[in-house]
Amino acid sequence: MDMTTPQEYTEYRPHPLLASLIACYWSYRAPSRDRLAAQKPVIPDGCVDIIFDLNPASSLRCFVIGAMTKPIQNQKTNLLGVRFHTGMATSLFKMPMHHLTDLTVDASEFIGDSAHALSDQLAEIDAQQDRTALLDEVFLKRMTGVSVLERPLTQALRLIRHADGQCSVQQISDAVGWSRQHFTRRCLHGTGLSPKFLMRVMRLHKTITLHEKGNVHGWSHLSQEVGYFDQSHMIREFKRLTGLTPAEYLSPA
């Protein structure tokens, strides 16, 4: 789940012992509901998040958002999240991740009734560093002794990430010694997404990063730099994954 409003969205590093499993903790706070209507959509990023709604009036205080295949519009004003690295949430939830794809589910189904009590604790804490310290404490206990991804899938995900999605399913399956079909099944089980879709997501985020850094000049150059067939291909991918054209999505908020 990728929030895109820098002045309202902040990321925090987890404890070093959690760094291989948790990509970051993050917070999001909108000053008003009017601001929510103006924000850009939350777009797929290949990750699974546990999210705490710190608004005391919320009926669902802690929930899990599975890997996404389409953009969604956030409707909440005060959130704290735990984002797992791609494929790493299965270590905690111990279930096939494709069962959660594009779903929002009460977190108590996975981490017990303590999920909502933890949300209440977090809401009562004022300092963000104290909130992340509490999350560290909770997840260090929960992640002790959890199983890790099978080595070939870990290697495959690393290759996709390092290639920024500019690779083929066959190339990656050959590299890890799996058949294309077996790789697709294991990737769906571990991440909730097919490898082909995951590559599309990685390439989209590389495009966004290059544009933000100003390392390319013009849409045509940008599309070539990240491996799209042409500018039209890039525009189609943006519309499919963000609901917006590149110009709309990448324009300043």
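Considering only the range 216-232, I want to know if a residue exists there that is open to solvent by less than 70 Å² (accessible area, probe 1.4 Å), in contact (Cβ under 8 Å) with a residue 24 or more places away in the chain and closer than 18 Å to Val48 by Cβ.
No, the range 216-232 has no match at all.
Give just the number: which of (1) over 26 Å from Arg186 (Cα atoms); (2) surrounded by 14 or more Cβ atoms within 10 Å (Cβ to Cβ) does Asp113 not satisfy?
(2)
Scan the range 142-158 and tell me whether some residue there is of a type in the set (Ser, Thr, Tyr), closer than 25 Å to His205 by Cβ and more than 21 Å from the chain's Cα centre (by Cα). Don't jump to the end; show me each part of the working.
To start, the set of residues in the range 142-158 that are of a type in the set (Ser, Thr, Tyr) comprises 144, 147, 154.
Those still in the list that are closer than 25 Å to His205 by Cβ too: 154.
Subsequent filtering for residues that are more than 21 Å from the chain's Cα centre (by Cα) retains none.
Checked against the condition, which is being of a type in the set (Ser, Thr, Tyr), closer than 25 Å to His205 by Cβ and more than 21 Å from the chain's Cα centre (by Cα), the range 142-158 yields no hits at all.
Between residues in the range 79-98 that are on the phi > 0 side of the Ramachandran plot and residues that are among the small types (Gly, Ala, Ser) and buried (at least 21 other Cβ atoms within 10 Å of the Cβ), which pairs lie under 6 Å by C-beta distance while being six or more apart or on different chains?
Gly87/Gly190
Evaluate the following for Thr69: is it closer than 24 Å to Met199 by Cα and of a type in the set (Val, Ile, Thr)? Lay out the reasoning, then the answer.
Values: closer than 24 Å to Met199 by Cα: yes; of a type in the set (Val, Ile, Thr): yes.
Yes.
Being under 26 Å from Pro56 (Cβ atoms), assigned to a helix (DSSP H, G or I) and open to solvent by 50 Å² or more (accessible area, probe 1.4 Å) is the filter here; which residues of the range 77-109 pass it?
Once the filter is applied, which keeps residues that are under 26 Å from Pro56 (Cβ atoms), assigned to a helix (DSSP H, G or I) and open to solvent by 50 Å² or more (accessible area, probe 1.4 Å), the range 77-109 yields only Glu109.
Here are Leu140, Leu149, Leu134: which of them is outside any helix (DSSP H, G or I) and either of a type outside the set (Ser, Thr, Tyr) or not assigned by the TED database to the domain that holds Arg186 (or both)?
Numbers: Leu140 fails: outside any helix (DSSP H, G or I); Leu134 fails: outside any helix (DSSP H, G or I).
That would be Leu149, the only listed residue that is outside any helix (DSSP H, G or I) and either of a type outside the set (Ser, Thr, Tyr) or not assigned by the TED database to the domain that holds Arg186 (or both).
Are there any pairs with C-beta distances below 9 angstrom linking a residue in the range 7-36 that is open to solvent by less than 10 Å² (accessible area, probe 1.4 Å) to a residue that is small (Gly, Ala, Ser) and modelled with pLDDT under 95, with the two at least 6 apart or on different chains, and if so which?
Every condition considered, the pairs that remain are Leu36/Ala30.
The values are calculated or read from the model by the stated rules, or taken from the named source; none is laboratory data. Keep in mind the model is a prediction, meaning the values are calculated, not measured. Cβ atoms come from the backbone with ideal geometry, glycine included; neighbour counts cover every protein chain shown. In case anyone asks, the SASA skips ligands and DNA or RNA and just uses the protein heavy atoms, side chains included. Shrake-Rupley method; radii C 1.70, N 1.55, O 1.52, S 1.80 Å.
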